[in-house]
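The values are calculated or read from the model by the stated rules, or taken from the named source; none is laboratory data. Remember, it's a predicted structure, so these values are computed and weren't measured experimentally. Here the Cβ is made from the backbone with ideal geometry for all residues, glycine too, and neighbour counts use every protein chain on show.
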Amino acid sequence: MARMWITMGPQHPMTHGLWTLRVKVDGETVVDTEAELGYIHRGVEKICEARDFTQITPYCDRLCYVSAMTWANSYIYAAEDLLEADVPERAEYIRLISAELQRLASHLMWLGAFGPDIGNLTLMTWCMRDREMFLDLLQELGGSRMHYNYPRIGGVKRDMPIGFADRVIAKTKLFEKRLDEYEMMLDESTIWLVRLQGVGYANAESMVDAGVSGPNVRAAGVNYDVRWAHPYSVYDEIDWEPSVEKPTSVKGADCYDRYRVRMEEMRQSCRMVLDALNKIPGGKNTNYANGDEMIYTKAPTRAPEGATGFSNYECTRGASQFYIQGGGEGRGKYPYRVSIRSPMFITIPYVAKTMIGYKIADIPAIMGSFDPCIGETDR
């Protein structure tokens, strides 16, 4: 049968962002792929060289609007390592709570977008309904629904507002019940199972060799979560465990395994949020009526000459890393270099090769199951 190249993107429902997947097909079978990235490259790393350490934070919010809080936190930990800043314990708990609320919102965005890829339109409406609960909570902290600019070097911008903890507990417990409804609808759907099971196999060894991380590698049975393996913040004081699937096939994890690991991860995030609220040190919850609600330790604004900072952080899609080199003499307020490692920059080319051997109709299921985000990929 004749072979030809098909171009999917840069604007295509399957891509979930601006990038192009070129697919070589033999009839209906994929025999080769090429991923073309860079459509929304903004030069964030270069921009950071002309901003002081505090001014960089909003740019990190925009690396991925779906998980802005986790990306900002990832940068903040590297900046605190560089500047040797101390963080109040209460602020660390608030960071953890906000990060896990963001993880819930991000996974719901993934699941809601993934549903229509498989033909389940109801899933989008359910997920957007529940995602609103967590966006409302994050808006209470940061003042915005997407780009919060909430973490600060040395802590967070402000304390939790009065009654915030009670609202978090109520909405988190409600969502735990709704997760049961999600699973009942999806795991008993023949179409859902046929489209996901046995499709898009990715084995643990090849993913580890490629540098894939996060839920995608844990779906293949690799027990690696930065929050567990290299605890930061107060994750080692919270009751939780990594979400790891045991693939039923020797070929590795399929699309269904990647769906299951994220469902379990949402349960673990709920568990962490509730436990953190139970253990958080006392504070003076504020109604924002005055300007003394900030919770942070005043940190140095200039980096020592030759100093470097590094963070290894579990974002919603895998391990993100920041490396910051101080500006040196005369440029202590600015970084000389900021390097950002995005988990999706590594994952997307890997996924493109995973599609080889499957049908064209399987491409949306395979790509969607890896939860791509092009903002953090192109930077």
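Report whether or not Tyr65 is of a type in the set (Phe, Trp, Tyr), touching a His at 6+ places or on another chain (Cβ under 9 Å) and within 21 Å of Gln321 (Cβ to Cβ).
yes
Does the stretch 122-134 hold any residues that are in contact (Cβ under 8 Å) with a residue 24 or more places away in the chain and surrounded by fewer than 17 Cβ atoms within 10 Å (Cβ to Cβ), and which are they?
Of everything in the stretch 122-134, just one residue is in contact (Cβ under 8 Å) with a residue 24 or more places away in the chain and surrounded by fewer than 17 Cβ atoms within 10 Å (Cβ to Cβ), namely Thr122.
Go through (1) surrounded by 14 or more Cβ atoms within 10 Å (Cβ to Cβ); (2) closer than 19 Å to Met128 by Cβ; (3) modelled with pLDDT of 90 or more for Arg145 and report which single condition fails.
For Arg145, the failing item is (3).
Considering only residues of the stretch 26-46 that are surrounded by 14 or more Cβ atoms within 10 Å (Cβ to Cβ) and either of a type in the set (Gly, Ala, Ser) or in contact with a Phe, Trp or Tyr (Cβ under 8 Å, 6 or more places away or on another chain) (or both), which is nearest to Lys333 (Cα to Cα)?
Going through the qualifying residues, I end up with Val44.
Could you say which residue among Ala352, Ala365 is hydrophobic (A, V, I, L, M, F, W, C), in contact with a Lys or Arg (Cβ under 6 Å, 6 or more places away or on another chain), closer than 27 Å to Asn120 by Cα and in contact (Cβ under 8 Å) with a residue 24 or more places away in the chain?
Ala365
Any idea how many residues of the stretch 284-318 are part of a loop (DSSP other than H, G, I, E, B) and at pLDDT 70 or above?
So the count comes out to 12.
Leu82: touching a strand residue (DSSP E or B) at 6+ places or on another chain (Cβ under 6 Å) and surrounded by 22 or more Cβ atoms within 10 Å (Cβ to Cβ), yes or no? Give the steps one after another, and end with the answer.
On the way: touching a strand residue (DSSP E or B) at 6+ places or on another chain (Cβ under 6 Å): yes; surrounded by 22 or more Cβ atoms within 10 Å (Cβ to Cβ): yes.
Yes.
Within the stretch 1-55, which residues are basic (Lys, Arg) and outside any loop (DSSP other than H, G, I, E, B)?
If the condition is that a residue be basic (Lys, Arg) and outside any loop (DSSP other than H, G, I, E, B), then Arg3, Arg22, Lys24, Lys46 are the ones that fit.
Which residue, of Ala99, Ala85, Ala78, is in a loop (DSSP other than H, G, I, E, B) and of a type in the set (A, V, I, L, M, F, W, C)?
Among Ala99, Ala85, Ala78, only Ala85 is in a loop (DSSP other than H, G, I, E, B) and of a type in the set (A, V, I, L, M, F, W, C).
Taking into account only those residues within the stretch 49-63 that are surrounded by fewer than 24 Cβ atoms within 10 Å (Cβ to Cβ) and more than 21 Å from Lys298 (Cβ to Cβ), which is farthest from the chain's Cα centre (by Cα)?
By that ranking, first place goes to Ala50.
When the stretch 234-261 is examined, which residues are found to be crowded, with 20+ Cβ neighbours inside 10 Å, within 30 Å of Asp86 (Cβ to Cβ) and within 17 Å of the chain's Cα centre (by Cα)?
Correct list: Tyr235 only.
Run Glu376 past the list (1) farther than 18 Å from Cys315 by Cα; (2) in contact with a Leu (Cβ under 9 Å, 6 or more places away or on another chain); (3) crowded, with 24+ Cβ neighbours inside 10 Å and report the number of the one that doesn't hold.
(1)
Among the residues of the stretch 196-231, write down those that are buried (at least 19 other Cβ atoms within 10 Å of the Cβ), under 16 Å from the mean Cα position of the chain (by Cα) and part of a loop (DSSP other than H, G, I, E, B).
Val212, Ser213, Gly214, Ala219, Asp225
Here's the yes/no breakdown for (1) free of Cβ contacts under 8 Å to residues at least 60 places away in the same chain; (2) in contact with a Cys (Cβ under 9 Å, 6 or more places away or on another chain); (3) over 21 Å from Arg227 (Cα atoms); (4) among the aliphatic types (A, V, I, L, M):
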site: Gln55; (1), (2), (3), (4): yes, yes, yes, no
site: Arg62; (1), (2), (3), (4): no, no, yes, no
site: Val66; (1), (2), (3), (4): no, yes, no, yes
site: Leu83; (1), (2), (3), (4): no, no, yes, yes
site: Val87; (1), (2), (3), (4): no, no, no, yes
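May I ask you to list the residues in the stretch 140-186 that are within 19 Å of Ala91 (Cβ to Cβ), part of a helix (DSSP H, G or I) and either among the hydroxyl-bearing types (Ser, Thr, Tyr) or under 21 Å from the mean Cα position of the chain (by Cα) (or both)?
Within the stretch 140-186, Glu140, Leu141, Gly142, Val168 meet the criteria.
Say we look at the stretch 332-361 and pick out the residues that are in a strand (DSSP E or B) and not polar (S, T, N, Q); which of these is farthest from Asp378 (Cα to Cα)?
Among those that are in a strand (DSSP E or B) and not polar (S, T, N, Q), it is Lys359.
For the stretch 319-331, give me each residue that is modelled with pLDDT of 80 or more and either touching a Ser or Thr at 6+ places or on another chain (Cβ under 6 Å) or part of a loop (DSSP other than H, G, I, E, B) (or both).
Scanning the stretch 319-331 gives Ala319, Ser320, Phe322, Tyr323, Gln325.
Out of Glu132, Glu140, I need the residue that is more than 21 Å from Lys279 (Cβ to Cβ), acidic (Asp, Glu) and at pLDDT 90 or above. Which one?
On inspection, the qualifying residue turns out to be Glu132.
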